[in-house]
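The values are calculated or read from the model by the stated rules, or taken from the named source; none is laboratory data. Note that the coordinates shown come from a computational prediction; the quantities given were computed from them, not determined experimentally. With ideal geometry, Cβ positions are generated from the backbone for all residues, glycine too; neighbour counts draw on all protein chains shown.
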Amino acid sequence: MRGRLAGDAAIRRCRHDGVCPATDRHGLASGLPQPRRVAVLSVHTSPLAQPGTGDAGGMNVYVQQTALELARRGVEVEIFTRATSSTDPAVVRVAPGVLVRNVVAGPFEGLDKNDLPTQLCAFTAGVLRAEATHEPGYYDIVHSHYWLSGQVGWLAADRWAVPLVHTAHTLAAVKNASLASGDSPEPPMRSIGEQQVVDEADRLIVNTDHEAQQLVSLHQADPGRIDVVHPGVDLQVFTPGDRRAARAALGLDALDAEVPIVAFVGRIQPLKAPDVLLRAAALLPGIHVLIAGGPSGNGMSTPDDLVELAAQLGITDRVTFLPPQSRDELVRVYRAADVVAVPSYSESFGLVALEAQACGTPVVAAAVGGLPVAVRDGVSGALVNGHDTGAWATAIGDIVRRDRAPMQDAAVAHAAAFSWGHTVDALLGSYGHAIGDHRTGHQSQPAGRRSGRRFSMRRGVRA
């Protein structure tokens, strides 16, 4: 117990507003070196992809929004992702200071996330070739997202003699411990790959204290190398607005103005559990369900399952299905809803919950992963233990029947503490520690980790 407490204390935490103690409010890490240019790796999904379908979701939003905010601070960001179409340009300039490089690695179509380990060698070659066109020292740091990217980042960081910062977003062991019915377990190959990346990364970024504890308990991560950084929400885009106008824009103006709407936003797959919302809705006469998203993962093989379930439950006339929505369209979905449901079996944080609350909409969420941080139980929404249909119907019904004004105000106030600016304040603190430790060579080295002396194959020098 004493060792566990000491480990928890070693984890660098951000305050509730997302600002790390080592970083000032303007994003300048006090006394820490700052990167000029960051190589961001997002192998399996592009930040330019539409969230809500395929493998695109909260991670895409995280990568894009943090890159844009870093660029506003004068840090250049180059994001490497796998090209999925022959029409993808080699380089896309998203904004001043932000480039997306579409790396050709394997066939453009026909590969899902589970096939991508076979293409990591090709992807890594593309990343290294892009860097080889520049002078030595072009990138100051590598930030990899998800374990596939971590495998590439491990080699790239060694090659370039720079530190590796890694964000897992999800862990195989955590997902396998809470599988939804009909979902497939993550393969052992992924767990092995995650362990390798945990061992090799200079710093590990997690969304919550709970996720940090999982890294320590499941992967024996060094607590001193873990930084807790809360994701954010674009508070300029996701704001409260006119409920009636939002419903009219979505074609829901035929509904009686008093009919409560409960919305689900995200990928349609067992992990996200939209079926839990439909089953709960069947116990709540008078509410309308709005589902915005597209099939993903195991849901790709049975894209009409939710439509068929609504018919079996006899609530087809009370369910509206929408395709994945753009950011501006999502705002209308959140404003139109009286409640947003996030019934996931596993969720590293839950950006949908934050976006909904920023629009003044209470959230009913599963008490898993980072959702207890994203939602203030009983204040900005409600947390439900488990996925019992009756429990979900009770939680949703309690909110739609009450005077929601206090909870709506509380939702906006809670979301206001989670901006992308706060997230990047903390990221810069983590980057600064990684660069400083790497330069001085004094970072702690648990048994079995590399010696800390990296060898550059191209330049033939040790750093």
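The table that follows gives values for the structure above.
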{"read-out": "Meets criteria (of a type in the set (Asp, Glu), at pLDDT below 95 and either touching a strand residue (DSSP E or B) at 6+ places or on another chain (Cβ under 7 Å) or over 30 Å from Gln236 (Cβ atoms) (or both)) for Asp437", "value": "yes"}
{"read-out": "Positions within region 75-108 being of a type in the set (Val, Ile, Thr), over 18 Å from Tyr139 (Cβ atoms) and without any contact (Cβ under 8 Å) to a residue 40 or more places away in the chain, in sequence order", "value": "Thr84, Thr87, Val104"}
{"read-out": "Residue ID - modelled with the lowest pLDDT, chosen from residues in region 50-76 that are of a type in the set (A, V, I, L, M, F, W, C) and touching a Ser or Thr at 6+ places or on another chain (Cβ under 8 Å)", "value": "Ala56"}
{"read-out": "Answer residue from region 158-178, given it is under 21 Å from His219 (Cα atoms) and among the small types (Gly, Ala, Ser) and is modelled with the highest pLDDT among those", "value": "Ala168"}
{"read-out": "Filter result for Gln195 (under 19 Å from Thr45 (Cβ atoms) and assigned to a helix (DSSP H, G or I))", "value": "no"}
{"read-out": "Top-ranked residue in region 117-147 [being of a type in the set (A, V, I, L, M) and assigned to a helix (DSSP H, G or I); ranked as surrounded by the most Cβ atoms within 10 Å (Cβ to Cβ)]", "value": "Val127"}
{"read-out": "Checklist (1) modelled with pLDDT of 90 or more; (2) more than 30 Å from Pro295 (Cβ to Cβ); (3) touching a Lys or Arg at 6+ places or on another chain (Cβ under 6 Å); (4) not aromatic (Phe, Trp, Tyr) applied to Pro35, failing item", "value": "(3)"}
{"read-out": "Single condition Asn60 does not satisfy, out of (1) on the phi < 0 side of the Ramachandran plot; (2) crowded, with 20+ Cβ neighbours inside 10 Å; (3) touching a residue at least 24 places away in the same chain (Cβ under 8 Å)", "value": "(3)"}
{"read-out": "Close pairs from region 126-138: first aromatic (Phe, Trp, Tyr), partner in a helix (DSSP H, G or I), Cβ under 9 Å, at least 6 apart", "value": "Tyr138/Glu131; Tyr138/Trp160"}
{"read-out": "Flag if Ala105 is more than 26 Å from Thr66 (Cα to Cα), touching a helix residue (DSSP H, G or I) at 6+ places or on another chain (Cβ under 6 Å), crowded, with 17+ Cβ neighbours inside 10 Å and not acidic (Asp, Glu)", "value": "no"}
{"read-out": "Residue check for Val276: over 22 Å from Glu329 (Cβ atoms), crowded, with 16+ Cβ neighbours inside 10 Å and touching a Pro at 6+ places or on another chain (Cβ under 8 Å)", "value": "yes"}
{"read-out": "Within region 214-228, tally of residues that are surrounded by fewer than 19 Cβ atoms within 10 Å (Cβ to Cβ) and either assigned to a loop (DSSP other than H, G, I, E, B) or outside the structural domain of Ser178 (by the TED database) (or both)", "value": "1"}
{"read-out": "Failed item in (1) within 30 Å of Ala413 (Cβ to Cβ); (2) in contact with a helix residue (DSSP H, G or I) (Cβ under 8 Å, 6 or more places away or on another chain); (3) not in a helix (DSSP H, G or I), with Ala246 passing the rest", "value": "(3)"}
{"read-out": "Members of region 327-380 found to be within 21 Å of Asp242 (Cβ to Cβ), more than 16 Å from the chain's Cα centre (by Cα) and of a type in the set (Asp, Glu), listed by number", "value": "Asp328, Glu329, Asp338"}
{"read-out": "Residue list for region 179-194, filter: at pLDDT below 90 and touching a Phe, Trp or Tyr at 6+ places or on another chain (Cβ under 6 Å)", "value": "Ala180"}
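Residue-by-condition table, conditions (1) in contact with a Gly (Cβ under 9 Å, 6 or more places away or on another chain); (2) under 23 Å from His288 (Cα atoms); (3) among the acidic types (Asp, Glu); (4) touching a residue at least 24 places away in the same chain (Cβ under 8 Å):
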residue: Pro362; (1), (2), (3), (4): yes, yes, no, yes
residue: Ala367; (1), (2), (3), (4): yes, no, no, no
residue: Ala382; (1), (2), (3), (4): no, yes, no, no
residue: Gly390; (1), (2), (3), (4): no, yes, no, yes
residue: Ile399; (1), (2), (3), (4): yes, yes, no, yes
residue: Asp403; (1), (2), (3), (4): no, yes, yes, no
residue: Met407; (1), (2), (3), (4): yes, yes, no, yes
residue: Ser419; (1), (2), (3), (4): yes, no, no, yes
